[in-house]
1. Among the trypsin sites (Lys or Arg not before Pro) within the stretch B:21-128, which fall in a DSSP loop and have no more than 16 other Cβ atoms within 10 Å of their own Cβ?
2. Quick one: give the max-minus-min coordinate of the C-alpha atoms of chain B along each principal axis, largest first, in Å.
3. Check residue A:95: other-chain or 5+ apart residues with amide H under 5 Å from its amide H, H built from backbone geometry?
4. Put a dot 7 Å past each Cα toward the Cβ at residue A:3 and residue B:84; how far apart are the dots in nm?
5. Quick one: pull the percentage of alpha-carbon pairs in the stretch A:1-85 with a separation above 20 Å.
6. Exactly which GluC sites (Glu not before Pro) in the stretch B:1-44 are in a DSSP loop and have at most 11 other Cβ atoms within 10 Å?
7. Please identify every one of the GluC sites (Glu not before Pro) in the stretch A:65-122 that sits in a loop by DSSP and has no more than 12 other beta carbons within 10 Å of its own beta carbon.
8. Hey, can you grab everything whose amide H is under 5 Å from the amide H of residue A:72? Only 5+ residues off in sequence or another chain; H modelled, so Pro and N-termini drop out.
Amino acid sequence: MRWFWIDRFIEFERGDSAKSVKNVTLAEEHLHDHFPGFPVMPGSLMIEGMAQTGGILLGEINDFEHIVILAKVPQMTFHSWACPGDQLIYSAKITNAGDEGGAVDVTAMVGDRLVAEGSIIFVHLDQSDSEFGAIDQKNFVFSMNLLGILDVGKAGNGQDQA
Amino acid sequence: MPTRDEIFDSVRETLVDALGLDDDEVVPEATLMGDLGAESIDFLDIAFRLEKAFDIKIPRGELFPENIASSDSGFVKDGVFTETGIAELREKMPHANLDTFVEDPKVEKMQDLFTVDMLVNFLEARLA
C-alpha cells in the first residue's frame with residue numbers, strides 16, 4: 001500500500017485554499033476490518049487525507065523548500081461517515097502560514113453531506129536541522145511521488161476538472 | 001487598547017481551546033508545560049491563536065525564544081545558564097519573570113518561565 005490518501009486535486013489556489021478528491025473503494029484492504037460487514041473510511045485516514053491536502057497547499061507556498069509535517073490536530077469533529085462508492089471532497093483553507101509552520105481549516109464532504117470538519121497544524125522541518133537530520137523524506141507529504149498528485153488533476157480527456 | 005484583564009481573559013480562552021483545559025485551571029502563575037500540560041508543539045498553536053485573537057503577528061522566537069538553551073549556544077555551562085546566558089534571557093524575554101529562576105538557573109527549569117502571566121505581559125507590551 002502506498003501512503004496516498006487523496007486521489008487528485010480539483011482546485012488549488014496558491015497560498016489560500018485547495019480541494020482534493022478521495023474515492024473510497026471496497027478494494028482498500030483496511031475497509032474489510034474497519035468494520036467487518038460495515039465498511040467505513042477510518043476517521044484517522046480522512047484526517048491524513050485532509051492533512052495531505054493542506055500540507056501540500058502550505059508547502060507549495062515556499063516551493064516545497066521545507067518538509068511540512070502534521071504536528072497537531074487541535075480539533076476535528078466527525079458528523080457522518082464515508083462508505084465504499086462515496087467520493088470524499090477534502091477542502092483546506094490556510095488560516096496561518098509563517099516561518100515555523102502553518103494551520104489550515106479543513107472539511108470533508110460527500111456531496112452535500114458534511115462528514116468531518118476541523119483544523120490541522122503543521123510545522124516546518126528543514127534538512128539542515130540537526131535534530132531531524134535522520135528523517136526519511138519518503139514518509140512525508142513532499143516526497144516526489146506524492147507531489148505527482150498535483151500533476152494529475154486532469155480528466156482522462158486531458159481537460160482540467162471543474 | 002485592551003486592559004490587562006481583557007488580555008488575560010483572551011489568553012485564558014486561547015489556552016482552554018488549545019490545551020483542552022477548564023477555565024479555572026488557567027491562573028496567572030500557572031506554567032504552560034508543568035501545570036497546564038502544554039508540549040512544545042502546542043506553543044505554535046498558542047502563538048497562532050494569539051495572533052488571530054489580537055490581530056497581531058508574533059515573529060518566530062519572540063514569544064518563546066529558541067536555541068538559547070542548547071549546549072552550543074554559549075549561554076549554558078554544565079546544564080546551568082551562565083551570567084551571559086541570563087543576560088541573554090533578560091534581553092530576549094523581557095516578558096518573563098526571572099526573579100526566582102536566577103536563584104537556580106538550571107536549563108531544565110527554563111520551561112517554568114513560560115507562564116500564563118508571561119503571555120499576558122508579552123501581549124500587554126505588544127499592544128501598548
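None of the figures in this text is laboratory data; all of them are computed from the coordinates on show. Please read these numbers as outputs of a predicted model, since none were measured by experiment. No Cβ is skipped: glycine too gets one built from the backbone with ideal geometry, and neighbour counts run over all protein chains shown.
1. Values: sites: B:49, B:52, B:57, B:60, B:77, B:90, B:92, B:106, B:109, B:126; in loops: B:57, B:60.
Those satisfying the criteria are B:57, B:60.
2. 39, 28, 24
3. A:103, A:104, A:105
4. 4.1 nm
5. On the way: 1448 of 3570 pairs.
More than 20 Å apart: 41 percent of the Cα pairs in the stretch A:1-85.
6. Numbers: sites: B:6, B:13, B:25, B:29, B:39; in loops: B:29, B:39.
Answer in residue order: B:29.
7. Numbers: sites: A:65, A:100, A:117; in loops: A:65, A:100.
Taking the stretch A:65-122 and a limit of 12 other Cβ atoms within 10 Å, the loop GluC sites (Glu not before Pro) found are A:65.
8. Here the answer is A:121, since their amide H atoms fall under 5 Å of that of residue A:72.
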